[in-house]
Amino acid sequence: MMGLILLLSLSVTIITWYIKSQRLLKGFDNMLAFSYSNDGFVAYARNASLMLDRDYWYLKNALKVDITIGSDLYEISIPKGYLTDGASVPRILWSICPKWDKSHKAVILHDYLCEYRIVTINGKPTQISREEADRLFLFALKYEGLTKLKYSLMHGAVRAQATVKGSRFIEISKVKLQLEDEIRLELKDTCYK
């Protein structure tokens with residue numbers, strides 16, 4: 001009986017977020033451009049994974065994301081060496097939504113926005129809300145060419161997590177920041193390009 005209630009609750013949540021994501025995508029029609037500077041390839045970060053007690057990957061090259069929505073140009077620069085844990089998907093769901101697939105650049109973008117909370121809008125650094133980070137994630141997922149069902153589920157999952165955790169951002173640990181700096185040094189890149 002408890003399993004049936006949980007399944008029903010999950011189904012209602014998924015349908016609700018699917019409907020909400022479709023409403024949010026009305027803003028996607030105003031999006032004139034979306035581009036990435038590179039492929040966003042990552043490599044497994046063994047030492048960081050051991051130190052941070054979960055699997056992490058590092059960005060092999062800097063990733064620049066430009067999004068034009070209406071008259072606003074959003075610029076996000078994610079430095080080489082940035083550590084990401086990929087899509088936070090329970091292992092049981094990896095056949096439906098793998099940790100790494102064609103949505104990986106959107107996942108890296110979302111992780112970065114949730115940690116650093118800053119984008120450049122029309123040349124001005126601007127702090128964004130968790131809801132705005134999730135909206136940009138949805139736009140990126142749609143841009144990546146995912147099916148409506150998949151991008152709605154992924155967006156719904158991050159919104160549900162934000163609802164449960166109170167829409168607060170992820171706090172970056174000092175250890176993670178130090179590990180990112182060490183990776184950049186190993187990559188012979190002391191600047192954040």
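From the list Lys105, Lys99, exactly one residue is modelled with pLDDT under 90, part of a loop (DSSP other than H, G, I, E, B) and either in contact with a Phe, Trp or Tyr (Cβ under 8 Å, 6 or more places away or on another chain) or within 25 Å of Glu171 (Cα to Cα) (or both). Which is it? Talk me through it step by step, then tell me what you get.
Working: Lys105 fails: part of a loop (DSSP other than H, G, I, E, B).
Answer to the selection: Lys99.
Just to verify a result, which residue in segment 136-167, among those that are part of a helix (DSSP H, G or I) and small (Gly, Ala, Ser), is modelled with the highest pLDDT?
Initial filter on segment 136-167 (part of a helix (DSSP H, G or I)): 136-143, 148-165.
So of that shortlist, the ones also small (Gly, Ala, Ser) come out as 140, 152, 156-157, 160, 162.
Values: Ala140: 88, Ser152: 78, Gly156: 80, Ala157: 78, Ala160: 76, Ala162: 76.
Going through the qualifying residues, I end up with Ala140.
Being open to solvent by less than 70 Å² (accessible area, probe 1.4 Å), over 16 Å from Leu73 (Cα atoms) and of a type in the set (A, V, I, L, M) narrows it down to one residue among Leu149, Leu185, Leu136, Leu177; which is it?
Numbers: Leu149 fails: open to solvent by less than 70 Å² (accessible area, probe 1.4 Å); Leu185 fails: open to solvent by less than 70 Å² (accessible area, probe 1.4 Å); Leu136 fails: over 16 Å from Leu73 (Cα atoms).
Going through Leu149, Leu185, Leu136, Leu177 in turn, just one is open to solvent by less than 70 Å² (accessible area, probe 1.4 Å), over 16 Å from Leu73 (Cα atoms) and of a type in the set (A, V, I, L, M): Leu177.
Might you let me know whether segment 74-83 holds any residue that is within 14 Å of Glu180 (Cα to Cα), among the hydrophobic types (A, V, I, L, M, F, W, C), assigned to a strand (DSSP E or B) and modelled with pLDDT of 85 or more? If you could, list the steps in order and put the result at the bottom.
Going through segment 74-83, the residues within 14 Å of Glu180 (Cα to Cα) turn out to be 78-83.
Filter once more, keeping what is among the hydrophobic types (A, V, I, L, M, F, W, C): 78, 83.
Keeping just the survivors that are assigned to a strand (DSSP E or B) gives 78, 83.
Of the ones still in play, those that are also modelled with pLDDT of 85 or more are 78, 83.
Among the residues of segment 74-83, at least one is within 14 Å of Glu180 (Cα to Cα), among the hydrophobic types (A, V, I, L, M, F, W, C), assigned to a strand (DSSP E or B) and modelled with pLDDT of 85 or more, which makes the answer yes.
Residue by residue through segment 125-155, note down the ones that are among the β-branched types (Val, Ile, Thr) and within 20 Å of Asp101 (Cβ to Cβ). Can you show your working first?
Filtering segment 125-155 down to residues among the β-branched types (Val, Ile, Thr) leaves 126, 128, 147.
The answer is Thr147, and nothing else.
How many of the residues making up segment 27-53 are outside any helix (DSSP H, G or I) and either modelled with pLDDT under 85 or closer than 16 Å to Arg184 by Cβ (or both)? Explain how you work it out, then say what you get.
Start the filter on segment 27-53 by keeping residues that are outside any helix (DSSP H, G or I), which leaves 31-45, 53.
From what's left, either modelled with pLDDT under 85 or closer than 16 Å to Arg184 by Cβ (or both): 31-43, 45.
Adding up the residues that qualify gives 14.
Exactly one of these conditions fails for Ile92: (1) open to solvent by 10 Å² or more (accessible area, probe 1.4 Å); (2) assigned to a helix (DSSP H, G or I); (3) modelled with pLDDT of 90 or more. Give me its number.
(3)
The values are calculated or read from the model by the stated rules, or taken from the named source; none is laboratory data. This structure is a prediction, so every number in the text was calculated from the model and none was measured. Here the Cβ is made from the backbone with ideal geometry for all residues, glycine too, and neighbour counts use every protein chain on show. For the accessible areas, the whole protein counts, side chains as well, though only heavy atoms, and no ligand, DNA or RNA atoms are used. Shrake-Rupley method; radii C 1.70, N 1.55, O 1.52, S 1.80 Å.
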